[in-house]
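Derivation of every value follows stated rules applied to the coordinates shown; laboratory data play no part. Keep in mind that this is a model prediction, so the values were computed, not measured. Please note: Cβ atoms are built from the backbone with ideal geometry, for glycine as well, and neighbour counts cover all protein chains shown.
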Amino acid sequence: MSDAKLITGGGVSLGAAALAPWKALGKRTGGAVIPSQDGAAVGVGVIVFLSVLEIVLVDLLLSAPWARLVALLAGLTVGYLMTGFAVALSAYPHRVAGETLTVSYGASFHARVPLSLIRDVTVRRALSDQQRTAVVNEGVLSVPVMSTTNLVLELREPARVEAGRTVGEVREIRIHAADPSSAVASVREALEGRTAREDAVEPPAKAPSQVPTWLRRLRWAGLLVLLIEILLVTTGLLDWRVAAGILVVTEGTLSVLGLLFGAAFVSQYRRLRRAGRGRRAALSEAFSSLLPPPIAEMVRHELSVWGIIALVVTFRSQARPGDKALGRTGVDRRSGVLALLLVAGAVTLPALAGVSPLTVVGTLVLLYAAAVAAAFATAGRVRPHTLGPEDVVLRWGLHHSARIPLTVIDQVHAAGRPDGLSAEDGFRVPGRASSALALHLDEPVEVPFRMGVLRQVTTILVPLADATAARALIEGRHSEKAQ
């Protein structure tokens with residue numbers, strides 16, 4: 001096989017991890033940069049915090065000076081390398097330079113793909129359940145981020161990959177880009193023989209729901225400061241006078257961050273309102289955009305629990321006025337029974353064990369668990385799938401939803417069983433029913449996937465008790481719009 005048909009590279013590199021922090025501080029030159037993710041500020045903060053904690057605890061356990069010095073050096077080395085691996089995720093992006101596209105995943109993988117091998121590049125989102133960073137499987141080299149790829153490189157002919165432990169023959173390469181549209185433009189520009197740009201790919205105009213990058217990177221700062229404060233004060237590692245001084249500094253830092261994020265929240269809310277968002281949607285988006293994704297998901301979950309219970313108590317639902325229901329799941333019996341059992345446990349616990357701080361806490365925990373179970377039990381009733389004048393709205397779980405415009409629905413048919421989809425561009429709405437409604441789309445739509453990540457699909461399977469009736473409603477609405 002000639003060199004033009006060979007894709008070379010490497011696997012995990014300690015040297016690349018050690019150089020990553022310095023690489024990140026330097027100016028990126030030499031080709032068009034294609035970032036694969038937004039940055040590594042969160043990972044670096046967590047690693048630094050855990051490394052400092054480990055060094056302090058090991059130092060307290062050892063008594064010999066030489067052992068403490070060795071442990072300190074080992075802790076600093078390991079902490080630096082771990083930080084390097086985290087920083088490498090942004091320090092080593094994909095890059096188009098000269099006649100080569102370098103596909104990278106931090107300091108864990110890189111492969112140099114000759115541009116002469118690439119026939120075309122397209123945006124297509126796909127999921128991967130692989131355990132390794134890069135895998136060759138059935139002629140496809142997959143290098144995902146958070147189990148997701150969104151850029152497909154089609155090769156002119158089969159090529160052999162030799163990059164560390166990743167070896168095999170491929171016809172297609174799937175990678176992840178933070179901005180797939182700009183990535184496609186950069187690669188196609190290089191394929192057309194134009195001069196590669198020296199600077200990084202310009203970021204697209206910020207959508208109304210986005211916040212400045214520097215502010216997004218501060219989302220974890222308050223939580224990390226608070227954790228450090230709790231650690232230092234509760235473990236007794238410091239004298240109380242020093243701890244009191246640190247408490248003043250950390251509380252002051254949290255106050256400044258609070259004022260900063262408060263101003264950003266107001267600014268973001270006003271920007272969303274000017275973009276046409278409703279008050280409730282603008283409040284929700286502005287609040288969630290200023291929190292770390294896991295924390296935002298937890299807050300959204302908690303608000304959804306009490307929101308669903310409030311809808312049940314007031315005999316309302318999330319269906320819009322004038323919408324037609326496409327079927328109701330009703331009350332989930334198993335979750336309902338669990339909620340009743342938890343309430344019974346909360347009532348009987350103080351009676352059997354007596355009133356004490358421990359039983360009070362246990363009662364509150366059981367009542368909260370009962371509220372969550374009750375929300376899951378009644379979610380299908382207050383959050384139905386609906387058909388509106390212009391779209392179909394699918395709802396599942398406590399807060400997930402997807403809007404499908406009627407104009408992109410190509411075919412609708414009732415399936416006998418709500419089996420899962422094997423296609424990478426298909427999505428099965430969570431739920432249980434005796435039949436299912438299959439929606440085939442002309443254009444991809446985005447559906448929630450994990451922790452706020454969206455996935456593009458062209459086929460959606462919806463479990464429904466009466467899929468035939470739902471199909472008739474959608475086809476009837478299509479006929480009305482065609483007249």
- Query: Can you put Arg171, Arg316 in order, fewest other beta carbons within 10 Å first?
  - Reply: Arg316, Arg171
- Can you work out the PRE-style zone for Glu154? Point 7 Å along Cα to Cβ, and I want the residues of the stretch 91-129 with backbone N under 15 Å. 117-125
- Task: Name the shape class, rounded, prolate or oblate, that the alpha-carbon gyration tensor gives for the stretch 293-378, where a ≥ b ≥ c are the square roots of its eigenvalues, rounded holds for a/c under 1.5, and otherwise prolate holds if a/b is larger than b/c and oblate otherwise.
- Result: prolate
- Message: Check which residues have an amide H placed less than 5 Å from Ile409's amide H, if you skip close sequence neighbours.
- Response: Asp442
- Message: Quick check: net charge around Gly139, other residues with Cβ under 12 Å of its Cβ, Lys/Arg +1 and Asp/Glu -1?
- Response: -2
- Using θ = phi - 60° and the Karplus relation 6.51 cos²θ - 1.76 cosθ + 1.60, list the HN-Hα couplings for the stretch 82-88 in order, rounded to whole Hz, with x at every Gly or Pro. 5, 5, x, 5, 5, 5, 4
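What full-extension length gain, to one decimal in nm, is calculated for Trp22 and Arg333 as 0.36 nm per residue of separation minus the Cα-Cα distance?
Working: separation 311, 0.36 × 311 = 111.96 nm, distance 5.76 nm.
Stretched fully, the Trp22-Arg333 segment lengthens by 106.2 nm.
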- Message: For Thr459, Thr77, which order do you get if you count the other beta carbons within 10 Å of each Cβ and list the fewest first?
- Response: Thr77, Thr459
- Simple label model, 7 Å out from Cα along Cβ direction - His478 to Leu73, nm: 7.3
- Query: Could you give the nm distance between label points at His301 and Arg188, where each point is 7 Å from its Cα heading toward the beta carbon?
  - Reply: 4.0
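Quick check: net charge around Ala339, other residues with Cβ under 12 Å of its Cβ, Lys/Arg +1 and Asp/Glu -1?
+1
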